[in-house]
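Encoded as structure tokens, the structure appears first; notes follow it.
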Amino acid sequence: MLRITKDFQFSASHRLDHLAEGHQCARVHGHNYTVQLELSARSREDLTEAGFVRDYGDLSDFKKWLDTELDHRHLNEVVPGFNPSAENLAMWIFEVWAERFSEISAVRVSETPKTWAEYRP
């Protein structure tokens with residue numbers, strides 16, 4: 001398996017439902033998020049003619065989408081129908097972009113430098 005990854009950043013606010021009274025994440029708060037896309041190829045035959053899983057330049061559309069749809073937004077108003085936890089964001093981003101990037105194999109979302117949620121179907 002060949003894998004490439006690229007990190008992207010955005011800043012946004014959210015609040016999480018279904019938490020104990022007084023839980024800090026139940027209040028509106030913000031994060032400087034990092035989203036990591038992982039794209040994979042099974043063999044040399046699956047690589048592009050240039051030898052890439054995918055050209056990193058092709059991922060610029062993803063960065064434009066993050067900047068337009070998520071950056072400096074309140075995620076509870078942006079993401080459709082679920083609590084915007086890092087776990088749910090990772091799954092949602094994967095689902096939105098799987099059609100565009102058939103090589104996508106995982107999405108990781110970080111809210112802090114020490115925490116990550118990963119979706120790998």
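Within segment 74-90, the set of residues being in a helix (DSSP H, G or I) and either surrounded by fewer than 17 Cβ atoms within 10 Å (Cβ to Cβ) or hydroxyl-bearing (Ser, Thr, Tyr) (or both) comprises Asn76, Glu77, Val78, Glu87. Has segment 59-74 got at least one residue that is touching a Lys or Arg at 6+ places or on another chain (Cβ under 7 Å) and of a type in the set (D, E, K, R)? Checked segment 59-74: no residue is touching a Lys or Arg at 6+ places or on another chain (Cβ under 7 Å) and of a type in the set (D, E, K, R).
Taking the listed residues Arg120, Arg108, Arg100, Arg15, the one that is under 19 Å from Ile4 (Cα atoms) and over 12 Å from the mean Cα position of the chain (by Cα) is Arg100, with no other qualifying. For segment 7-33, filtering for residues that are in a strand (DSSP E or B) and either in contact with a Lys or Arg (Cβ under 6 Å, 6 or more places away or on another chain) or loosely packed, with under 15 Cβ neighbours inside 10 Å (or both) leaves 8. Checking each residue in segment 34-73 for being assigned to a loop (DSSP other than H, G, I, E, B), more than 19 Å from Glu111 (Cα to Cα) and among the charged types (D, E, K, R) picks out Arg42, Glu49, Arg54, Asp55. Looking only at segment 111-120, which residues are closer than 22 Å to Arg54 by Cβ, of a type outside the set (Phe, Trp, Tyr) and either modelled with pLDDT under 95 or surrounded by 13 or more Cβ atoms within 10 Å (Cβ to Cβ) (or both)? Of everything in segment 111-120, just one residue is closer than 22 Å to Arg54 by Cβ, of a type outside the set (Phe, Trp, Tyr) and either modelled with pLDDT under 95 or surrounded by 13 or more Cβ atoms within 10 Å (Cβ to Cβ) (or both), namely Glu118. Taken over segment 61-84, residues that are closer than 25 Å to Arg3 by Cβ and in contact (Cβ under 8 Å) with a residue 60 or more places away in the chain amount to 1.
Does Asp55 satisfy the criteria of being acidic (Asp, Glu) and in contact (Cβ under 8 Å) with a residue 24 or more places away in the chain? No: the conditions fail for Asp55.
The values are calculated or read from the model by the stated rules, or taken from the named source; none is laboratory data. Treat the numbers as computed from the prediction; the structure is a model and nothing was measured. Please note: Cβ atoms are built from the backbone with ideal geometry, for glycine as well, and neighbour counts cover all protein chains shown.
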